[in-house]
Amino acid sequence: MTVLEPGVDIGEPTHPGGIGVRCTGVVHLYRTFEGHDVVALQGVDLAVRPGERVAFLGPSGSGKSTLLTLLGGIQKPSAGRIFLGEHEISRLPEPQLARLRSRRVSTMLQGATRNLLSYATARQNVAFARLALTSAERRQAVPETALLARVGLESVADQVVATMSGGQRQRLALACAVSTSPQLLLADEPTSQLSHEDRDAVIGLVHDLGDELGTTIIVVTHQPEVAATFPRTVTMKGGRVGLEGRDGAEYVVIGAEGVVHLPSHLAGQWPQGTLVRIEPEPQDGRDRLVVSRPPEEGG
């Protein structure tokens, strides 16, 4: 891994497809208006492979949206390291970080209007999203009309965003996000406040992007129906990665000092303070840990 010095050109992507992202020991604090320090993330370790699609889950305040902005270089962590491909973006000077973001990363913030110019048309919004591209790159990009047709907005290409429906705005936000063919797409609640039909259409478009371009995709969602369409899920709890789902199986993640979060259905049955016993039990050549409550605790 390399850390770039000021004045070093990051270059352009040498091949299409996704880019890997990983973080080690990431801690993030922020200060409230009242002057209190709040720990949003506590020692997060996570790796996402190039081309992988991951859904972040977790209750409000669990740190999932904060982690998304850190992975996209919008914020820098209070401590720890974040790598985008071979570049350590947590220590990259802002001019180089901005160039890296504009070339390789697209971030959709929560709420479609936060990603769009409400007074401009759909076509103008796509053009604005491509301002960081060179003239040659714009000529090679998918034409604006074709891109809008891809997301079902060809008929409203010259309509002002302020007059569009919520579903149309979210589709346009996605079109703008992918208009530069990013290697990493980060989307915070891209289907919130949408009808089931619009939700399914937007998520279908997200997965189509992964199929066609191999883009690495990370989505924050609170909707189980959305998360179920992703091959990998990461559940945040208390600023840490607590659980992971891979190909339909759920796993707990061992954190610092051996800390683990119980799956939700067990946490409800065994509240905080419950006495449990953990014992190794080899089976079929694999190690297992059996968690049980002693009889005096009602087990």
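The values are calculated or read from the model by the stated rules, or taken from the named source; none is laboratory data. These numbers come from a predicted model, not from an experiment. Please note: Cβ atoms are built from the backbone with ideal geometry, for glycine as well, and neighbour counts cover all protein chains shown.
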Per-region count, the range 29-60, residues part of a loop (DSSP other than H, G, I, E, B) and polar (S, T, N, Q): 2
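Yes or no, residue by residue, for (1) small (G, A, S); (2) assigned by TED's automatic domain parsing to the domain that holds L205; (3) closer than 20 Å to G204 by Cβ:
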site	(1), (2), (3)
P95	no, yes, no
S106	yes, yes, yes
R114	no, yes, no
Y119	no, yes, no
N125	no, yes, no
F128	no, yes, no
A132	yes, yes, no
S135	yes, yes, no
L147	no, yes, yes
Give L209, L213, L194 a once-over and let me know the one that is under 23 Å from A47 (Cβ atoms), free of Cβ contacts under 8 Å to residues at least 40 places away in the same chain and over 14 Å from the mean Cα position of the chain (by Cα). L209
Just give me the residues in the range 61-97 being among the small types (G, A, S) and either part of a strand (DSSP E or B) or more than 15 Å from the chain's Cα centre (by Cα) (or both), in sequence order. G61, S78, A79, G80, G85, S90
Being closer than 17 Å to R53 by Cβ, aromatic (F, W, Y) and in contact with a helix residue (DSSP H, G or I) (Cβ under 9 Å, 6 or more places away or on another chain) is the requirement here; does F230 meet it? yes
Hey, does the range 128-149 have a residue that's under 30 Å from E225 (Cβ atoms) and basic (K, R)? no
The residue from A227, A175, A256 that alone is touching a Leu at 6+ places or on another chain (Cβ under 9 Å), in contact (Cβ under 8 Å) with a residue 60 or more places away in the chain and either under 25 Å from G73 (Cα atoms) or assigned by TED's automatic domain parsing to the domain that holds A146 (or both) is A227
With the requirement that a residue be under 27 Å from S60 (Cβ atoms) and crowded, with 21+ Cβ neighbours inside 10 Å, what does the range 158-181 give you? R169, Q170, R171, L172, A173, L174, C176, A177
Consider the range 72-96. How many of its residues are aliphatic (A, V, I, L, M) and buried (at least 21 other Cβ atoms within 10 Å of the Cβ)? 4
